[in-house]
1. What Kirkwood Rh does the range 265-331 have if only Cα atoms enter the pairwise 1/r average? Answer in Å.
2. Please report the orientation-averaged projected area of the chain, defined via the convex hull of its C-alpha atoms, in nm².
3. Output needed for the range 116-184: three equivalent-ellipsoid semi-axes, defined as square roots of 5 times the C-alpha gyration tensor eigenvalues, in descending order, whole Å.
4. Do you know the relative contact order of the chain, to the nearest whole percent, from alpha carbon pairs under 8 angstrom that are 6+ apart?
5. Which FRET efficiency value, to the nearest 0.05, is calculated for D242 and D144 with the Förster distance at 25 angstrom and r the Cβ-Cβ distance?
6. Let me spell out the model: positive unit charges on the Cβ of Lys and Arg, negative unit charges on the Cβ of Asp and Glu, origin at the Cα centre of the range 1-128. What dipole size does that give, in debye rounded to 20?
7. Kindly count the pairs of lysines across the chain whose alpha carbons are less than 22 Å apart, treating pairs on different chains or eight or more residues apart as eligible.
8. Could you tell me the calculated FRET efficiency between H206 and L291, based on Cβ-Cβ distance and R0 = 56 angstrom, to the nearest 0.05?
Amino acid sequence: MAIDLAYSAEIAALVERTRAFTREVVVPIEDRHGGDITAAGGDIVRKDLQAAAKLAGLFAPHAPVEYGGLGLSMSDRAPVFEEAGYSLFGPMALNVAAPDEGNVHLLAHVASPEQKSQYLAPLASGEIRSAFAMTEPAPGAGSDPSALTTRAERTAAGWRINGRKWFITGADGAGFFIIMARTSGQSGERGGATMFLAAADTPGLHVGRHIPTADRSMLGGHCEVTFEDLVVPDSAVLGAVDRGFEYAQVRLGPARMTHVMRWLGAARRGHDIAVHHVARREAFGAKLGDLGMIQKMVADNEIDIAATRSLLVRACWELDRGGAASNATSIAKTFAAEAIFRIVDRSAQMCGGLGVAEDLPLARLVREVRPFRVYDGPSEVHRWAIAKRSVGAAKRAIRVDSA
């Protein structure tokens, strides 16, 4: 049976409109400010761009239709998010940037009707931003979530949360936080985590310093956040008590893939710039694009783009079928994070001095895509998980054969 990889006419038209909007409206603003969202105006430029996206009928393609979105499946999101990612500010303009996009997905699947009204509705509409508070300083949760140390204890008023987080993207200016805290067991034990919702102005919630990082395009920074006797009611529990790690997987698999979508768009922009440059630039008696070493870099970029997109399509297909897609998303995320960096790095190399200058966006793209090999699970952790599944399957097969 043939597999149809074509998108519907409606999605194809949406992709084309997103492409035009990103290049004509968003890219000039990014270029004017060197990809620095703070220099561009922060939330002011976000609201302006999101208003323009709404007028263009492009806003919140991932959000449920009942909350003003387009309700796209994971598979249909892929080409739309990729076109938005052609500009570093494009995902923000369409309200599909991290962490808000992942939080919309999580709330749509897990939140109660009251929580959806209070948190999902304004987040999907762009009225507010959000943050997902999971990562902690050592020895707390990072690549190993079971190391979670932030603790929530029952009180007469609900729950009291104490702990410290860091690298919390978008924390500065967020309207609310999704907080992962341990409600049973000890650090290092699997299970026992619960997700809580808390408005940013809740007493005991403190957003601290911005941790200086390489990237400049993430609105709200990557901040330290502390919880000091933060009290929330039972109604603040997202989902069920002690099922936080399970819900995290609802968010993380799709969020890893939407990161791939967005950064693939950025990598394509770098590649397009480089190919245009080598097609014009003459050196050593020929166009650079006619020289063998340059042609190899161009071809390798094309291969990495195609392979990344293929792995992404497979993982999204599995997610849309209702599966966890753990292996497919790990494979796609690991390959993509490394391939996207290779694409942008080669593109900078092909442009020589201009590749590391501010005259072109290539240097900023290198700066922005490098962290993707760390966040949402470092490549090494995903490789460990992939190998563990493979070896585990082999061991189970051996036991069956030996029985």
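The values are calculated or read from the model by the stated rules, or taken from the named source; none is laboratory data. Nothing here was measured: the structure is a model prediction, and the numbers come from that model. Note: ideal-geometry Cβ built from the backbone for every residue, glycine included; neighbour counts use all protein chains shown. What goes into the accessible areas is simple: the full protein's heavy atoms, side chains included, and nothing from ligands, DNA or RNA. Shrake-Rupley method; radii C 1.70, N 1.55, O 1.52, S 1.80 Å.
1. On the way: mean 1/r = 0.0718 Å⁻¹.
That comes to 13.9 Å for the range 265-331.
2. Numbers: hull surface 92.4 nm².
With every direction weighted equally, the projected area is 23.1 nm².
3. Details: eigenvalues 109, 58, 16 Å².
Over the Cα atoms of the range 116-184, the ellipsoid semi-axes are 23, 17, 9 Å.
4. Numbers: 704 pairs, mean separation 59.2, N = 403.
Reported relative contact order: 15 percent.
5. Numbers: r = 18 Å, r/R0 = 0.73.
The formula returns an efficiency of 0.85 here.
6. Details: 9 positive and 17 negative charges, 27 e Å.
In total the dipole reaches around 140 debye.
7. Numbers: K47/K116; K54/K116; K287/K296; K333/K388.
Lysine pairs satisfying the spacing and distance rule in the chain number 4.
8. Working: r = 56 Å, r/R0 = 1.01.
Once the sixth-power term is evaluated, E becomes 0.50.
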